[in-house]
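Chemist: Below you'll find the structure I mean.
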Amino acid sequence: MDNWRVELNRLTTEFWIGVGVQSEIIVWLEGIPQHVKGVNSKVSELYAFQTYEEATEALCQIAKNVNGFIPNSWEAEPYAIITLKKHINLFLDKKISVVSLCTLVQTLDANFISNGFAGQPRPQQLQNLDKFDWLGNLWNCCDWCDEYWNYENSFHLVAEAKKVAIALNDFLIENYVG
C-alpha cells in the first residue's frame, strides 16, 4: 500500500478520535499523487475546510472511498496505538496537558477497549492485539482527572505514561516496523 494511503488512515483515525492536527492535512495533501486529487472531490475540499468537524467528515469519506477504511473499526486500532504513543511523548515533553492525555485515554478506552465494536472479534491480522494491554494502567491513573492536575502533581500518571511509552515502542517495533 502506498504511504499516502497509510497516512490517510492515520489522519482519519486521529481526527475521528478528536486529536487530529489540521496542519497535517496540508502536509498529507502535498504528498498524494495528482491523479488522486482529481478523482475524489472531497480531496480538494480539504484545502478549504471551515471546521474541524468538516475536515473529519471529509477525511472519513476519502478514507472509505480510497482505502475502504472506517475509523470506527478494529482496523483503526493500530493507528489508535500510534496516536497514543505520539500523545504520550507530547505529554512527557510537557507539550500537552494532563487533561488532554486523559481525555484521549478515555476516548480510546471507550472505543477500542471497553466496547470492542459491539462484540465483534478482532480480524485475524490484528489477533496479536488480543494479548497486548496497550493502554496499560493509564485509564486508572486518569481516574478523577480534572483541570487542577498537571505534570508536577500527577507523579503516578507520569510514571505510567513512561512505562506505557516503552511498551508501545517495543510493541510497534516488533509488530509493525521490524
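The values are calculated or read from the model by the stated rules, or taken from the named source; none is laboratory data. This is a predicted model, so every value here is computed, not measured. Heads up, the Cβs are rebuilt from the backbone with ideal geometry, glycines too, and the neighbour counts pull from every protein chain shown. Side chains are part of the model used for accessible areas, which takes the heavy atoms of the whole protein and leaves out ligands, DNA and RNA. Shrake-Rupley method; radii C 1.70, N 1.55, O 1.52, S 1.80 Å.
Chemist: So which residues in the stretch 88-105 are open to solvent by 20 Å² or more (accessible area, probe 1.4 Å) and not charged (D, E, K, R)?
Modeler: Residues satisfying the conditions are Asn89, Leu90, Leu92, Ile96, Ser97, Val99, Ser100, Thr103.
Chemist: Does the stretch 139-169 hold any residues that are in a helix (DSSP H, G or I) and either acidic (Asp, Glu) or touching a residue at least 40 places away in the same chain (Cβ under 8 Å) (or both), and which are they?
Modeler: Across the stretch 139-169, the qualifying residues are Leu157, Val158, Glu160, Ala161, Lys162, Val164, Ala165, Leu168, Asn169.
Chemist: Out of (1) closer than 28 Å to Ile166 by Cα; (2) touching a helix residue (DSSP H, G or I) at 6+ places or on another chain (Cβ under 6 Å); (3) surrounded by fewer than 19 Cβ atoms within 10 Å (Cβ to Cβ); (4) charged (D, E, K, R), the odd one out for Arg10 is which?
Modeler: (3)
Chemist: Scanning for something more than 22 Å from Leu168 (Cβ to Cβ), surrounded by 15 or more Cβ atoms within 10 Å (Cβ to Cβ) and touching a Lys or Arg at 6+ places or on another chain (Cβ under 9 Å), does the stretch 46-57 turn up at least one residue?
Modeler: Scanning the stretch 46-57 turns up at least one residue that is more than 22 Å from Leu168 (Cβ to Cβ), surrounded by 15 or more Cβ atoms within 10 Å (Cβ to Cβ) and touching a Lys or Arg at 6+ places or on another chain (Cβ under 9 Å).
Chemist: Take the residues of the stretch 143-157 that are modelled with pLDDT of 90 or more and among the aromatic types (Phe, Trp, Tyr): which is farthest from Val99 (Cα to Cα)?
Modeler: Per the stated criteria, the residue is Phe155.
Chemist: Please return the ranges of helices (runs of 4 or more DSSP H) entirely within the stretch 34-99 where 2 or more residues are closer than 16 Å to Arg5 by Cα and free of Cβ contacts under 8 Å to residues at least 40 places away in the same chain.
Modeler: By residue number, 34-39, 41-45, 52-67.
Chemist: Ok, one more. Please count how many residues of the stretch 68-85 are open to solvent by 10 Å² or more (accessible area, probe 1.4 Å) and closer than 17 Å to Asn175 by Cβ.
Modeler: The number of residues fulfilling the criteria is 6.
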